[in-house]
Amino acid sequence: MKNILLVASREFIATVSTKAFIIGLLVMPLMIGLSAIIFPRLLNPRNFKTSGEVAIVDPTGRAMADVRSAFAPERMAERRDEQARQILNQAPAAVQQMAQTRSPQMAAAMATATAASDLRLLERPPTADVQKEKAWLLEQTDTRHLALIVMHDNAVIPGTDNAYGSYDAYLPANTDDRALGEIQQALQEAIVNARTRARGLDRSQIESLVRVTRGRSITVTKDSERNTVRGINQLLPIAFIMLMFMGVMTGGQAMLTSTVEEKSSRVMEVLLSALSPMELLAGKMLGQLGVSAIVLGLYIAAGLALLVSFALFGLLNPWLIVYLIIFFLLTYLTFGSLMVSIGAVVNDMREAQSLMMPLMLLLTFPLWVWFPISMNPNSTFSTAISFVPPVNLFAMLIRVTSTAPPPWWQVWLSIGIGVAGVGAALWFASRVFKIGLLMYGKPPNFATLIRWARQA
Amino acid sequence: MHDAILLKNIHKTFGATKAVTDLDLAIPRGALYGFIGPNGAGKTTTIRMIMAILFPDSGELSILGHRSALEAKRRIGYLPEERGVYRKMRVGPFLTFMARLKGVPEADIAGRIKRGLARVGLADAERKRCEELSKGTQQKIQFIAAIIHQPDLLILDEPFSGLDPVSSRSLRDLVLEEHARGATILFSTHVMPHAEELCDHVVMIHKGQKVLDDPVDAIRRRYDPRVIEFDPLDPHADLSPLSAIPEVEDVIRTDHGCKVVLRPGASAPSVMPRLAIAVPPARIEIARPTLEEVFVKLVGA
């Protein structure tokens, strides 16, 4: 046992003291943090500036006045603000509070961004030739020609069949969807206004009649009640899967690399003169488990801190963390032992890559199926895959973190299968490891590995 | 008392290749044995079986009284043929790691490392990374790692390969020091003069089979080539009187004199006075067969 701990300690220190590990450990949260800050700003529709000319032909002339007011810059800014308010209403309370207490500079910056649209409306005569106007659309000028809108005759007053029409929008090939969306919103507002006025109705009265503000959703937990945060239940499975994937890959990859290095630097035989192959294998796995535990622990702590800061901690079932730790341990032991055995049979990292391919496919398989499983956690596919090693633990983790967790017996049956899978993987890995350590030359194929496992 | 190493009927094959066949070997405690043979003879395979890194297909082993070296690893020092160190590790931590693996008491580790490094002239290397050292220096570091726990049995696989003459002599002295301390030493080499210089007993292996297992002196006696080296006092002297002696079969000219080959059954000590009378000598002595000559004689040129 002492030798195992000595090897584990050397492995752990050799890995965590490298610059690559420290940088890797910090880079990931840094990237996530930066993405969280930068991407919403980069993708914020409020930052998009709709700029160009929109030509409109209204054969009846009934909607033109309302189109004019709907396309007025201040009205377009108001609509953007309204959209932003609606999005903010869906966000957690902490985010809403942050938005309300934003600095004056930030508010000013957002206000500037709000008045970003620069649309010029070109009113064409009711009798304008649509074909000629289409040619205008394709003209190359300094000012972009964004759209040609042709109102239907029955857009404001229904025809003989009592049906309303709308409009046709002709667009050049490279129209931005966001610009089209903004134009459509303005047209919708204009047509509705024109119709209500034609009917002698008051639009504000109708809106107050048809608008039902979304009711307050309250999530009730044992200890408290809080506003429901939508989306977290969809994010939880992929977050857990990513945590487990990162944990297994960190330790497994380091174990593979260190074994290949020990072989290529010929230090392996020196080690084997002091300890048995099994002590070496156990020490390596224990040491790198410590490395993975650090990575996993840090990311879990960061995730929990984030939940606490947004007052969402109560939404997380503590059992999920327990399951994550159990599932991670079993998955690490399964994949880690296979990865270290690959390290033992190859001469360099290039050879390791080809043998790693099937393992990587298995490891990334859950990332492909998380969405169908989390959408239908109790479907036949989801249930079946929860019992197929070695991917069963990934699948079960997705299911237990989903909105419809499976019954407890399925969870523990999957864990039991995972334990059996660990036993099989360790049996295979220990035999291959023992033989492969001092083998140099052409790396074995899978058939040879299986033969070694049988013979050892 | 048990032998330090005892092998009985050891067989080892790799696929269709017979690496070691029917090998018996008994090395008493405190002995200094040379394990010699050409490249590919089976020396490293045998040593790996002794170290329980490989396992024989059949046969019995006893290492320091145990059925496997695994049970006595902390009493064995091993310098493998394929040498290596953790390149990124510093010398001090590497030796500390090896000392801990070998069960050296924590309080003794630092002192032993300092003494070991000083002994091989590397007192200032403790803080250096292993990758900064030359191959020969790395080899010295590994030798220190092999003896840091003062083993009862020291197994060295081609310890002098790749070393310059000065380093080779320094390592040879260390081996002799370990032997003087009481360690049993088995070292393999394909360079016969190394074994001849160091060992009191030699085991020769060829194509996986033992062809010789005797003390060096006994080997020389047994494989006496019946040759007397003769340098005349007068370099230009006529050597034909030597050929006239009945026991002399042939006289072969050399740079300084000649080699006198005796007929089978002739006694060198009784012929030597008559040679000296026939031609006054500057030097006359019985030629000692080298291990290389013995090996060639045993396995054929």
Ranked list, fewest to most other Cβ atoms within 10 Å of each Cβ, for B:Val120, A:Val7, B:Val191 = B:Val191, B:Val120, A:Val7
Determine by what factor the alpha-carbon radius of gyration of chain B differs from 2.2 N^0.38 Å, reporting the quotient.
-> 1.23
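Per-residue ellipticity at 222 nm for chain B, helices alone: DSSP H runs ≥ 4 residues times -39500 (n - 2.57), over residue total, nearest 500 deg cm²/dmol? Display every interim value, and only then the final one.
On the way: 10 runs with 101 residues, N = 301.
After summing the helix terms and dividing by the residues of chain B, the value is -10000 deg cm²/dmol.
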Sites A:Phe387 and B:His11, calculated FRET efficiency, Cβ-Cβ separation with R0 60 Å, nearest 0.05 | 0.80
Output the direction-averaged projected area (hull surface divided by four) of the convex hull of the alpha-carbon atoms of segment B:225-289, in nm².
-> 3.9
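Looking only at Cα atoms, what is the convex hull volume of chain A per residue, in Å³? Could you put the intermediate results ahead of the total?
Values: hull volume 110.5 nm³, N = 456.
Output value, Cα hull per residue: 242 Å³.
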GNM of chain B, Cα pairs under 10 angstrom: of B:Cys258, B:Cys199, B:Cys130, the biggest fluctuation goes to B:Cys258
Over segment B:225-289, what is the relative contact order in whole percent, taking alpha-carbon pairs under 8 Å and six or more residues apart?
-> 51
Karplus-derived 3J(HN,Hα) from phi for segment B:269-281 (6.51 cos²θ - 1.76 cosθ + 1.60, θ = phi - 60°), whole Hz, x at Gly and Pro, runs x, 7, 7, 4, x, 6, 5, 5, 6, 5, 9, x, x
For chain B, built as a Gaussian network whose Cα springs stay under 10 Å, the top-fluctuating residue of B:Leu242, B:Leu212, B:Leu198 = B:Leu242
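Semi-axes, largest first, in whole Å: what does sqrt of 5 times each Cα gyration tensor eigenvalue give for segment A:319-456? Walk me through the numbers on the way to the answer.
Working: eigenvalues 208, 44, 26 Å².
For segment A:319-456, the semi-axes come out at 32, 15, 12 Å.
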What list of ³J(HN,Hα) values in whole Hz, one per residue of segment A:246-254 in order, does the Karplus curve 6.51 cos²θ - 1.76 cosθ + 1.60 (θ = phi - 60°) give from phi, with Gly and Pro shown as x?
-> 5, x, 5, 5, 4, x, x, 5, 5
Enter the Cα centre distance for the pair segment B:51-129 and segment B:241-301, rounded to the nearest angstrom.
-> 48
Using just the alpha carbons, could you tell me how many Å³ per residue the convex hull of segment B:121-201 encloses?
-> 99
Starting with the fewest neighbours, write out B:Lys259, A:Lys284, A:Lys132 ranked by other beta-carbon atoms found within 10 Å of each beta-carbon.
-> A:Lys132, B:Lys259, A:Lys284
Can you tell which of B:Gly42, B:Gly182, B:Gly162 shows the greatest fluctuation in a Gaussian network model of chain B with Cα springs below 10 Å?
-> B:Gly162
Those lysines that a straight Cα-Cα span of less than 22 Å connects to A:Lys442, excepting residues fewer than 8 apart in one chain = A:Lys263, A:Lys434, B:Lys12, B:Lys18
Given H placed 1.01 Å from N in the peptide plane, which residues other than close sequence neighbours of B:His206 have an amide H under 5 Å from its amide H?
-> B:Val211
For A:Leu148, B:Leu298, order by how many other beta-carbon atoms lie within 10 Å, fewest first | B:Leu298, A:Leu148
Angle, helix A:2-16 long axis vs. longest principal axis of chain A, Cα atoms, 0 to 90°, nearest 10?
-> 30
From the backbone phi of segment A:337-352, what are the Karplus-calculated ³J(HN,Hα) couplings (6.51 cos²θ - 1.76 cosθ + 1.60, θ = phi - 60°) in whole Hz, Gly and Pro given as x?
-> 5, 5, 5, 5, 5, 5, x, 6, 9, 9, 9, 8, 5, 5, 5, 5
On the formula 1/(1 + (r/R0)^6), with r taken between the Cβ atoms of A:Leu209 and A:Gln188 and R0 of 25 Å, the FRET efficiency rounded to 0.05 is 0.85
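All of the numbers you see were taken from the coordinates with simple rules; none came from a lab. Computed from a predicted structure; not experimentally measured. Reconstructed Cβ throughout: ideal geometry from the backbone, glycine too, with neighbour counts over all protein chains shown.
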